[in-house]
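What follows is a set of notes on a single structure, which appears directly below.
The values are calculated or read from the model by the stated rules, or taken from the named source; none is laboratory data. None of these values were measured; they are calculated from a predicted model. As a convention, Cβ positions derive from the backbone with ideal geometry for all residues, glycine included, and neighbour counts pool all protein chains shown. The protein model used for the area step is the full one, side chains on, heavy atoms only, and it has no ligands, DNA or RNA in it. Shrake-Rupley method; radii C 1.70, N 1.55, O 1.52, S 1.80 Å.
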Amino acid sequence: MEKQKLAMDIINPHCAGIDIGSRSHFVAVGQDLEDVKEFGVYADDLTDICVHLKEHDVTSVAMESTGNYWQNLYVELIKHGFDVTLANGKFTKNIKGKKTDVKDARWIQKLPSIGLLTSSFYPMKPPKSYAPIAQKTKYAHACCRSIAQNAEIS
């Protein structure tokens, strides 16, 4: 029996897939091997990812929620105006054979491009800056210290 290929229409041609890692992120903007690029995980690297995506006319990004490693990148992508699909890892793990970061990135890019990946529930969008939250936290700690000091004196 001859194997047949199933072709699916691309409904989102301007999407990218990112395989999140603790030491590096692999970004796929297409399905060819040269469409996948490795980036670091530090702040400058996350900005470089956003620049790279904009250079390739990407408007939406899919990535899996692996541990805590996705959080900083998620905030950076939102800050740069990308539509981010944060997917549960169990919905993106479907590659048979030897698993590589490049294959994972290409697979994560392919799923939303053909409409087969939905976003996980994320209760709120992260703030564009954590500075106001940090200020409120410092103020709350100062209030607690003041109350504690006054309670000791009385």
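Worth pointing out:
- ³J(HN,Hα), Karplus 6.51/-1.76/1.60, whole Hz, each residue of the stretch 56-67, x for Gly, Pro: 9, 6, 7, 10, 10, 10, 10, 8, 9, 8, 8, x
- Relative packing of peptides 35-44, 137-146 - highest average C-beta neighbours within 10 Å first: 35-44, 137-146
- Computed over the chain, the ratio Rg/Rh where both radii use C-alpha atoms and Rh is Kirkwood: 1.17
- Here Lys90 is the anchor, and the lysines within straight C-alpha reach of less than 25 Å, apart from those fewer than 8 places off in the same chain, are Lys5, Lys37, Lys98, Lys99, Lys103, Lys110, Lys125.
- Look at the alpha carbon pairs under 8 Å that are at least 6 residues apart: their mean separation over the length of the chain gives a relative contact order of 27 percent.
- Mean Cβ count within 10 Å, highest first, over the residues of peptides 81-88, 113-120: 81-88, 113-120
- Protein heavy-atom accessible surface, 1.4 Å probe, per residue over the chain: 69 Å².
- Just the protein heavy atoms count here, and of the accessible area of the chain at 1.4 Å, carbon and sulfur take up 54 percent.
- Estimated from helices alone, the mean residue ellipticity of the chain at 222 nm is -12500 deg cm²/dmol (sum of -39500 (n - 2.57) over DSSP H runs with n ≥ 4, per residue).
- Built amide H within the under 5 Å cut-off of Thr85, gap 5+: Val61, Ala62, Met63
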